[in-house]
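The values are calculated or read from the model by the stated rules, or taken from the named source; none is laboratory data. The model shown is predicted, which means the values in this text are computed figures rather than measured ones. Positions of Cβ are backbone-derived with ideal geometry, glycine not excepted, and every protein chain shown enters the neighbour counts. Ligands, DNA and RNA are stripped out before the accessible areas are found, and what is left, the full protein with its side chains, is counted by its heavy atoms. Shrake-Rupley method; radii C 1.70, N 1.55, O 1.52, S 1.80 Å.
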There are 2 protein chains.
Amino acid sequence: MNKIILALDEPLDYKILKDISSQVAGIKIGWPLILEQGLEGIKNILKNFDNNIIFDLKLADIDSTMIKITTHLKNLGDSFIVHAFVGYNESIRELKEFLDKENKKMYLVSSMSHKGWNDNFYPYIKEVIKMTNPYGLVAPATRPKILKTVKKDFPEKIIISPGIGAQGAKIGDALCNGANYEIIGRSIYNSKDPIGTILEFQKIQEERLNECKRAETR
Amino acid sequence: MNKIILALDEPLDYKILKDISSQVAGIKIGWPLILEQGLEGIKNILKNFDNNIIFDLKLADIDSTMIKITTHLKNLGDSFIVHAFVGYNESIRELKEFLDKENKKMYLVSSMSHKGWNDNFYPYIKEVIKMTNPYGLVAPATRPKILKTVKKDFPEKIIISPGIGAQGAKIGDALCNGANYEIIGRSIYNSKDPIGTILEFQKIQEERLNECKRAETR
């Protein structure tokens with residue numbers, strides 16, 4: 001089972017990352033690492049990583065600005081995380097057209113993992129997702145209810161879930177609630193044995209998935 | 001009259017920028033220039049610019065991520081633009097506390113200039129602004145109605161307005177509708193004579209402001 005996306009918030013040696021490459025479904029990289037390492041540094045870290053690379057930029061701007069940003073990064077990765085709430089016209093629509101042309105994927109944020117996020121806007125966000133038809137969605141492990149709703153509304157979309165570990169959700173819970181992949185960071189990259197930790201987590205995910213499938217069929 | 005913030009979307013020679021320094025109310029720098037120039041490049045461009053520097057990052061993430069991002073940039077500038085939409089708890093609240101401690105300013109986005117932005121959420125955004133009490137707000141020159149509403153709701157906040165020029169609003173209109181500063185980019189940095197252009201725009205702003213004041217008192 002390969003249902004972990006590694007959130008690489010701190011640099012990992014490219015040799016370790018090479019070994020991890022086949023063990024995870026991808027890695028997620030955000031602004032802090034980009035600022036710390038610069039584009040050349042990111043390129044170096046990723047040089048032996050042969051798998052999906054998702055840039056978690058939480059883009060939320062007008063079309064031209066987002067297209068400029070992704071232009072700088074498109075040769076370093078495969079996918080971009082974008083906020084649905086900025087709306088379609090003169091923003092996400094134009095970015096989606098650009099990323100399609102470049103064979104890059106878009107994930108839209110359907111909900112977030114922190115307490116302050118307001119899910120009352122989900123009906124609007126759902127409309128933006130429908131119009132955009134992105135490759136995937138981000139939905140939080142910390143909010144089972146909205147995660148289940150997103151899965152029900154968009155059963156064919158790839159759903160990736162943050163919020164596991166430090167933010168409170170348990171490994172495997174998001175998979176039970178409809179996520180395709182769980183995003184896990186520091187408990188892997190801070191581990192003395194990242195690959196051992198990944199294998200351990202995958203075992204937990206599998207057990208948890210079996211448990212909840214059994215519960216469903218009872 | 002000094003009511004222009006220069007949107008520096010492309011690098012300007014630091015000598016020109018030095019001369020511009022006293023003619024504008026500040027400059028605004030976004031992710032595209034940061035990606036293009038790197039932190040060292042940005043530092044070089046800004047080395048003789050002795051005025052406000054606003055990082056327009058449109059931050060929209062959880063607290064820890066936004067704090068990491070602003071930590072990397074806090075020694076290079078004065079202010080950060082953040083999306084109110086992400087909500088207060090575990091997000092903007094913690095970032096505000098951090099920026100206050102660092103003597104940095106926060107601007108919250110109250111509305112955006114592009115067609116797809118949905119102002120139905122303004123009542124919620126207004127609540128987030130009230131809770132946060134930021135230094136300033138971003139409100140679009142392209143939407144006079146919402147700009148006037150924001151000014152009425154937050155008369156004491158510094159309002160900066162994008163959307164002038166390429167996006168359709170005319171110089172001076174946002175000032176008439178309640179903005180404190182107008183953000184202007186390419187028509188200045190693409191000009192052969194940036195300072196001459198700034199002086200010309202300031203004259204237009206002044207005339208426009210006098211016109212609309214006269215219209216009000218009629």
Label position 7 Å from Cα toward Cβ: report the copy-to-copy distances for A:D78 in nm, one decimal, ordered from shortest. 4.5
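What quantity of accessible surface, computed with a 1.4 Å probe and excluding non-protein components, is buried in total between chains A and B, in Å² to the nearest 100? Write out the running numbers ahead of the final one.
Working: alone 10930 and 10910 Å², together 18720 Å².
Accessible area lost upon association: around 3100 Å².
As an exercise, use a Förster radius of 51 Å and the Cβ-Cβ distance of A:S21 and B:I204 to find the FRET efficiency, rounded to the nearest 0.05. Intermediate values should be presented prior to the final figure.
Numbers: r = 57 Å, r/R0 = 1.12.
Computed FRET efficiency for A:S21 and B:I204: 0.35.
Taking N as the number of residues in segment B:4-217, what is its Cα Rg relative to 2.2 N^0.38 Å?
Relative to the rule-of-thumb radius for its length, segment B:4-217 sits at 1.00.
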In segment A:120-150, what residues drop by 20 Å² or more of accessible area when the other protein chains are put back, versus the chain on its own? Use 1.4 Å, and skip ligands and nucleic acids. A:F121, A:Y124
Where in segment B:23-123 are there chymotrypsin sites (Phe, Trp or Tyr not before Pro) that are in a DSSP coil and have at most 15 other Cβ atoms within 10 angstrom of their Cβ? none
How long are the semi-axes of the equivalent ellipsoid of the protein assembly as shown, defined as square roots of 5 times the Cα gyration tensor eigenvalues? Whole Å, largest first. 40, 24, 18
GNM result for chain B, Cα springs below 10 Å: residue of B:G87, B:G30, B:G116 fluctuating most strongly: B:G116
Rounded to the nearest whole Å², what accessible area per residue is found for segment A:4-217 with the 1.4 Å probe? 42
How large is log10 I(q)/I(0) at q = 0.32 Å⁻¹ when the Debye formula is applied to the Cα atoms of segment B:150-199, each weighted equally and without solvent? -1.19
Label model pair B:R218, A:N48: point-to-point distance (7 angstrom along the Cα→beta-carbon line) in nm is 7.5
Have a look at A:S79, A:S187, A:S111 and tell me which one the Gaussian network model of chain A (Cα, springs below 10 Å) gives the largest fluctuation. A:S187
Mind listing the phi-derived Karplus ³J(HN,Hα) values for segment B:53-65, rounded to whole Hz, using 6.51, -1.76 and 1.60 with θ = phi - 60°, and x for any glycine or proline? 10, 10, 8, 8, 9, 6, 4, 7, 9, 6, 3, 4, 5
Do any residues of segment A:105-119 lose at least 20 Å² of accessible area when the full set of protein chains is present rather than just their chain alone, and if so which, with a 1.4 Å probe? A:M112, A:H114, A:K115, A:G116, A:W117, A:N118
Theoretical ellipticity at 222 nm over the protein assembly as shown - DSSP helices of four or more residues, -39500 (n - 2.57) apiece, nearest 500: -13500 deg cm²/dmol
Three-way shape label, segment A:1-81, alpha-carbon gyration tensor, a/c 1.5: prolate
How large, in percent, is the carbon and sulfur part of the accessible surface of segment B:4-217 at a probe radius of 1.4 Å? 46
